[in-house]
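Engineer: The structure under discussion is supplied below as structure tokens; questions concerning it will follow.
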Amino acid sequence: MVETTITVIKADIGSLAGHVVVPDFLLEIARKSLKEAVEKGIINDFYVTHAGDDLELIMTHHKGELSEEVHRLAWDTFMRGTKEAREKKIYAAGQDILSDTFSGNVKGMGPGSAEMTIEERKSEPIAIFCADKTEPGAFNLPLFRIYADPFNTAGLVIDPNLHDGFIFVIQDIHEQTPAYLQMKCPEEMYDLLALIGSTGKYVIKKIYRHDGLVTAAVSTDKLHQIAGKYIGKDDPVAIVRAHSGLPAMGEVLEAFTLPHLVSGWMRGSHAGPLLPVPLRDSKCTRFDGPPRVIGLGFQVSNGMLLGPVDLFDDVAFDITRRRGMEAAEYLRRHGPFMPHRLHSEDMEYTTLPSVLKKVAARFSEEEIVPTGKAKDTSDSAE
Ligand code: 13P
Ligand code: 13P
Ligand code: MG
Ligand code: MG
């Protein structure tokens, strides 16, 4: 049986008029580059798109995960695009390119990647989710709901194939060296939630069915850990397989009906709702957001991609978007106050510490009382 690898590699290499949207010429450069790679036999098929200001390369091939050839192709494509973006003085050109030289794969170099190697089933429906203005932990909640919440996924109750549950691979992304942990659900559900509720630290990396069939993969690359400072948000991607002994596509999409709060938005420093949007709304405007996610459905067929269908391009998600915007409106009224602005721990890599450093020396052990004589203003006219 031939195995097919689905590889999604993404990077923000520059955007139009701020962090809004990938310009068309970058999408064209990427399409040209991947088309050449199909002709050379490096990949089988591809689809190029964008989530806001992030360029997304969706590829299928038979080279396996972490293939040097496939990762180099993505890297070279981003380098080509960056060169052009710099020449055209596009905003934040080369934003996520954090190294000058390629060394085997894109891990630790800026771009994010999610990969999955599958034996194609009789029919292989998949969804690719690409988010902008947020971090990898944004997928924790919907993925938990898809694979572990019977109020979301009817199949967990109705389909005996799902009764033995799923295995979640969690990554502690605070650790410099990768630290992974496996947890079985439903057996370890409460322990699992204790971890993945901390979305900035414990991130779902992969999910397998109880019998080892791989079903979900997420990009967990942390830009600030690579750069040591704030560059932009990670803006993650996820690959999800559906149907035939797995949650149905409708159950997968149901998990995105709560516009849940995620970290990111303006300057990567604010909590905001994750809006599921169609491709035409895949651009971030208000307060550089709100954070949003696109969903593309494909059939993987003999190593090729049929599709896509724009999964959130449906009136069924209007209510979610409206609720999301009500939450956004409410949160924005808090301005610079927490919890709209993130906790200081999450601001460690932003530009806030340099502001705080400026005033640090002015703290004293004694409470300071301003000097000067207060005027009697009791007779002033009101
Ligand atoms: P259809 O009968 O339309 O194939 O739907 C089956 C199903 O299980 C939907 O989730
Ligand atoms: P991106 O990570 O999408 O580039 O956004 C950066 C930012 O600071 C938005 O305000
Ligand atoms: Mg950007
Ligand atoms: Mg982005």
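Where a number appears in this text, it was derived from the coordinates with a stated rule and is not lab data. These figures come from a predicted structure and were not determined experimentally. Please note: Cβ atoms are built from the backbone with ideal geometry, for glycine as well, and neighbour counts cover all protein chains shown.
Engineer: Sequence gap at least 6, Cα distance under 8 Å: using those rules, report the relative contact order of the chain to the nearest whole percent. Don't skip to the answer; put the middle values down first.
Structural biologist: Details: 803 pairs, mean separation 67.7, N = 382.
Across the chain, relative contact order equals 18 percent.
Engineer: Rounded to whole Å and sorted largest first, list the principal axis extents of the Cα atoms in segment 225-325.
Structural biologist: 42, 35, 25 Å, listed from the longest principal axis down.
Engineer: Over the C-alpha atoms of segment 280-382, what are the Rg and the largest Cα-to-Cα span, Dmax, in Å?
Structural biologist: For segment 280-382, the Cα radius of gyration and maximum Cα-Cα distance read 25.5, 88 Å.
Engineer: Order by neighbour count: E56, E326, fewest other Cβ atoms within 10 Å first, most last.
Structural biologist: Working: E56 25, E326 12.
Going from sparsest to densest Cβ surroundings: E326, E56.
Engineer: I need the shape label for segment 326-382. Rule: rounded when a/c is under 1.5, else prolate if a/b > b/c, else oblate, with a, b, c from the alpha carbon gyration tensor. List each step's numbers first, then the result.
Structural biologist: Values: a/c = 4.09, a/b = 1.43, b/c = 2.87.
Oblate.
Engineer: OK, next. Counting only C-alpha contacts under 8 Å and six or more residues apart, can you give the relative contact order of segment 142-227 as a whole percent? Present the calculation step by step, with values, prior to reporting the outcome.
Structural biologist: Working: 122 pairs, mean separation 21.3, N = 86.
Answer for segment 142-227 is 25 percent.
Engineer: Taking the highest mean first, how do the peptides 246-254, 205-213, 373-381, 264-272 order by number of other beta carbon atoms within 10 angstrom per residue?
Structural biologist: Working: 246-254: 22.0, 205-213: 16.7, 373-381: 5.7, 264-272: 23.7.
Averaged packing, sorted descending, gives the order 264-272, 246-254, 205-213, 373-381.
Engineer: Ignoring everything except DSSP H segments at least 4 long, calculate the 222 nm mean residue ellipticity for the chain; use -39,500 (n - 2.57) per segment, divide by total residues, nearest 500. Numbers along the way, then the final one.
Structural biologist: On the way: 9 runs with 92 residues, N = 382.
It lands at -7000 deg cm²/dmol.
Engineer: Using mean Cβ contacts within 10 Å as the protection proxy, how do 308-315, 331-338 order, highest first? Before the final figure, lay out each step's value.
Structural biologist: Details: 308-315: 16.4, 331-338: 11.6.
Order by mean packing, descending: 308-315, 331-338.
Engineer: Report the Cα centroid-to-centroid distance between segment 20-53 and segment 131-156 in angstrom, as an integer.
Structural biologist: Here the two parts' Cα centres lie 28 Å apart.
Engineer: Order of R286, R341 from fewest to most other C-beta atoms within 10 Å?
Structural biologist: Numbers: R286 13, R341 20.
Neighbour counts put them in this order, fewest first: R286, R341.
Engineer: Can you give the local net charge around A154? Use residues other than it whose beta-carbon is closer than 14 angstrom to its beta-carbon, Lys and Arg +1, Asp and Glu -1.
Structural biologist: Working: positive: R145; negative: D149, D159, E251, E254.
Value of the local net charge: -3.
Engineer: Which ordering of H343, H71, H243 is given by a fewest-first count of other beta-carbon atoms within 10 Å? Mind dumping the intermediate values first?
Structural biologist: Working: H343 12, H71 24, H243 17.
If I rank by nearby Cβ atoms, fewest first, I get H343, H243, H71.
Engineer: Check every DSSP H run in the chain and write down those whose alpha carbon atoms cover 15 angstrom or more along the long axis and whose mean Kyte-Doolittle hydropathy is -1.0 or greater.
Structural biologist: On the way: long enough: 24-39 (23 Å, -0.04); 68-87 (28 Å, -1.22); 318-332 (21 Å, -1.14).
For the chain, where a helix must reach 15 Å along its axis and average at least -1.0, the hits are 24-39.
Engineer: If you average the C-alpha positions of segment 255-295 and of segment 299-356 separately, how far apart do those two centres end up, in angstrom?
Structural biologist: 2
Engineer: Taking just the alpha-carbon atoms of segment 39-79, what radius of gyration and Dmax come out, in angstrom?
Structural biologist: 10.6, 30
Engineer: By average Cβ neighbour count within 10 Å, what is the ranking of 44-50, 215-221 from highest down?
Structural biologist: Working: 44-50: 20.4, 215-221: 25.4.
Packing proxy ranking, top to bottom: 215-221, 44-50.
Engineer: With only alpha-carbon atoms in the gyration tensor, what are the semi-axes of the equivalent ellipsoid for segment 1-130, in Å, largest first? Let's see the in-between values first.
Structural biologist: Working: eigenvalues 131, 46, 33 Å².
Ellipsoid half-lengths, sorted descending, are 26, 15, 13 Å.
Engineer: Still on this model: What is the sum of charges, Lys and Arg at +1 and Asp and Glu at -1, for the other residues whose Cβ falls under 13 Å from the Cβ of D172? Walk me through the numbers before you get to the answer.
Structural biologist: Numbers: positive: K201, K205, K222; negative: E175.
Result for the neighbourhood of D172: +2.
Engineer: Out of L141, F46, M116, whose Cα points farthest toward the positive end of the dipole of segment 46-172 (charges: +1 Lys, Arg; -1 Asp, Glu; placed on Cβ)?
Structural biologist: The listed residue farthest towards the positive side: F46.
Engineer: Averaging sequence separations of C-alpha pairs under 8 Å and six or more residues apart, then dividing by the length of segment 217-313, give the relative contact order as a whole percent. Intermediate results must be reported in sequence, preceding the final value.
Structural biologist: Values: 130 pairs, mean separation 16.3, N = 97.
That works out to 17 percent.
Engineer: So who's got an amide H within less than 5 Å of the one on D54, skipping anything under 5 residues away but keeping other chains? H placed 1.01 Å off N, in plane.
Structural biologist: V22
Engineer: Another question, then. Taking a temperature of 25 °C and a viscosity of 0.890 mPa s, what whole-number D in µm²/s does Stokes-Einstein yield for the chain with Rh from Kirkwood over alpha carbon pairs?
Structural biologist: Values: Rh = 21.8 Å.
Answer from the Stokes-Einstein relation: 112 µm²/s.
Engineer: Hey, which of these cross-link pairs are over 28 Å Cα-Cα: K184/K222; K40/K133; K89/K357; K107/K358? Can you show the working numbers first?
Structural biologist: On the way: K184/K222 25 Å; K40/K133 35 Å; K89/K357 32 Å; K107/K358 35 Å.
K40/K133; K89/K357; K107/K358, as the Cα separations exceed 28 Å there.
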